[in-house]
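Peer 1: My questions will all concern the structure given below.
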Ligand code: G6P
């Protein structure tokens, strides 16, 4: 096992550090930025199904569901296709309206999650075209779907999902970009800009990983917290949910992710000088709005840990701690902003003496409902 960990203390840390390579493996052979081409066999063969779809329904559980939420923003914003994201466990039992004009995308690292598998079977019975995004090759979900795309993240051993999440987002981004181009939503130059920026993401993830020592210092300051709030807007709202899930899964600290603007409808009541609030505030998107959310937290004496774009001044002046990520296109920002949150939960869990790779009560793959 020590050999498999490749010199890292835990699988989770190894898998966090593997992300630049994993993301590259995900787009290798699919993305040809220089020629302006995205090739995805399972999509190319079924292009009409996607282009004629009334809507895309995404089903998943856990972290994969969060990747689905990021994909909702990407598909709607870039490809202008309506998207619904559903917990597989709810979808399967609520007699959903599904037609043969729907495309269902099932996202699953393991490809074995019972609820996701059941949702797929239901959608197939009702005539939808079902596309899988799995990591494990030959898994049940990969076999049960009409077509699909593997993430090629490599084996993920840590129960808390890290590289599976970022590679799921990468696959779904490739798919959305391809559909946006086919639908004529993108000019040639905008398409090229996206493709070359996606190619730059692995090196920007690498740069983000260099914040690790700083994240460790921040972890030391907040490791004894009882609660933690994560806030983000737009593309980074699902990142807030995922950050909170990661922390509660492995450190057993109660954490909640919220859309920053919803804070005033409830969570703001929790904020006092004991409450760490992690705010994802990259320069693109709804930056000014997030800045005013940060001011609201500050005036209630909450402790602010902000994820910002390199060179940021405004949030940096307000926050107690900032962690910088390189600048990128807004739609690709979750691939960077999620990295420090993975590291933060990892370090806090280690400092609290938790079993990082095998947290209590959790399973890597949930094959029962
Ligand atoms: C379990 C795992 C999570 C995972 C979820 C969905 O809860 O602990 O890490 O996100 O199942 O799993 P899947 O394999 O379908 O992505």
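Peer 1: Does residue 234 satisfy the condition of being touching a helix residue (DSSP H, G or I) at 6+ places or on another chain (Cβ under 8 Å), more than 16 Å from the ligand (Cβ to nearest atom) and at positive phi?
Peer 2: Criteria met by residue 234.
Peer 1: For residue 185, state whether it is more than 16 Å from the ligand (Cβ to nearest atom) and part of a helix (DSSP H, G or I). It would help to see each step written out before you state the result.
Peer 2: Details: more than 16 Å from the ligand (Cβ to nearest atom): yes; part of a helix (DSSP H, G or I): no.
Spelling it out, it is not the case that residue 185 is more than 16 Å from the ligand (Cβ to nearest atom) and part of a helix (DSSP H, G or I).
Peer 1: In this structure, does residue 319 turn out to be within 20 Å of residue 219 (Cα to Cα), more than 23 Å from the chain's Cα centre (by Cα) and either crowded, with 21+ Cβ neighbours inside 10 Å or within 14 Å of the ligand (Cβ to nearest atom) (or both)?
Peer 2: Details: within 20 Å of residue 219 (Cα to Cα): yes; more than 23 Å from the chain's Cα centre (by Cα): yes; either crowded, with 21+ Cβ neighbours inside 10 Å or within 14 Å of the ligand (Cβ to nearest atom) (or both): yes.
Considered against the rule, which asks whether it is within 20 Å of residue 219 (Cα to Cα), more than 23 Å from the chain's Cα centre (by Cα) and either crowded, with 21+ Cβ neighbours inside 10 Å or within 14 Å of the ligand (Cβ to nearest atom) (or both), residue 319 comes out as yes.
Peer 1: Just to confirm my filter: which helices (runs of 4 or more DSSP H) fall fully inside the stretch 38-99 and include at least 3 residues that are crowded, with 22+ Cβ neighbours inside 10 Å?
Peer 2: Details: elements: 41-44, 47-51, 62-74, 88-91.
Here the list reads 62-74.
Peer 1: Additional query: Could you say whether any residue in the stretch 51-58 is under 16 Å from the mean Cα position of the chain (by Cα) and within 13 Å of the ligand (Cβ to nearest atom)?
Peer 2: At the first step, the residues of the stretch 51-58 found to be under 16 Å from the mean Cα position of the chain (by Cα) are 58.
Imposing the further condition that a residue be within 13 Å of the ligand (Cβ to nearest atom) reduces the set to 58.
Yes, the stretch 51-58 has at least one match.
Peer 1: Examine the stretch 21-30 for a residue that is surrounded by fewer than 20 Cβ atoms within 10 Å (Cβ to Cβ), in contact (Cβ under 8 Å) with a residue 60 or more places away in the chain and touching a strand residue (DSSP E or B) at 6+ places or on another chain (Cβ under 9 Å), and state whether such a residue exists. Quick ask: steps written out before the conclusion?
Peer 2: Here is the first cut: in the stretch 21-30, the ones surrounded by fewer than 20 Cβ atoms within 10 Å (Cβ to Cβ) are 21, 24-25, 28-30.
With in contact (Cβ under 8 Å) with a residue 60 or more places away in the chain added as a condition, the list becomes 21, 24-25, 28, 30.
With the extra rule that they be touching a strand residue (DSSP E or B) at 6+ places or on another chain (Cβ under 9 Å), the set shrinks to 30.
Taking every residue of the stretch 21-30 in turn, at least one turns out to be surrounded by fewer than 20 Cβ atoms within 10 Å (Cβ to Cβ), in contact (Cβ under 8 Å) with a residue 60 or more places away in the chain and touching a strand residue (DSSP E or B) at 6+ places or on another chain (Cβ under 9 Å).
Peer 1: Between a residue in the stretch 356-367 that is modelled with pLDDT under 95 and any residue that is surrounded by 12 or more Cβ atoms within 10 Å (Cβ to Cβ) and not in a loop (DSSP other than H, G, I, E, B), which pairs come within a Cβ distance under 6 Å, given they are 6 or more apart or on different chains?
Peer 2: Listed pairs, sorted by first residue: 367/114.
Peer 1: Take residues that are in contact (Cβ under 8 Å) with a residue 40 or more places away in the chain and within 27 Å of residue 169 (Cβ to Cβ) and tell me which of the helices (runs of 4 or more DSSP H) falling wholly in the stretch 272-352 contain 3 or more.
Peer 2: Numbers: elements: 287-299, 314-318, 334-351.
The qualifying helices (runs of 4 or more DSSP H) are 287-299, 334-351.
Peer 1: Looking at (1) crowded, with 19+ Cβ neighbours inside 10 Å; (2) touching a strand residue (DSSP E or B) at 6+ places or on another chain (Cβ under 9 Å); (3) under 30 Å from residue 90 (Cβ atoms), which is the one condition that is false for residue 270?
Peer 2: It is condition (1) that residue 270 fails.
Peer 1: State yes or no: is residue 15 within 24 Å of the chain's Cα centre (by Cα) and within 30 Å of residue 118 (Cβ to Cβ)?
Peer 2: On the way: within 24 Å of the chain's Cα centre (by Cα): yes; within 30 Å of residue 118 (Cβ to Cβ): yes.
So residue 15 fits the description; yes.
Peer 1: Where the second residue is part of a loop (DSSP other than H, G, I, E, B) and more than 13 Å from the ligand (Cβ to nearest atom) and the first is closer than 23 Å to residue 23 by Cβ and at pLDDT below 95 and lies in the stretch 135-146, which pairs have Cβ atoms under 7 Å and are six or more apart or on separate chains?
Peer 2: That search, which allows pairs on different chains as well, returns nothing.
Peer 1: Considering 48, 72, which residue is at pLDDT 95 or above and more than 21 Å from residue 91 (Cα to Cα)?
Peer 2: Testing whether each residue is at pLDDT 95 or above and more than 21 Å from residue 91 (Cα to Cα) leaves just 48.
Peer 1: If we keep just the residues of the stretch 7-37 that are assigned to a loop (DSSP other than H, G, I, E, B) and within 21 Å of residue 345 (Cα to Cα), which is modelled with the lowest pLDDT?
Peer 2: 7
The values are calculated or read from the model by the stated rules, or taken from the named source; none is laboratory data. Note that the structure is a prediction, hence the values are computed from the model and not measured. Neighbour counts are summed over all protein chains in view; Cβ atoms, including those assigned to glycine, are modelled from backbone coordinates with ideal geometry.
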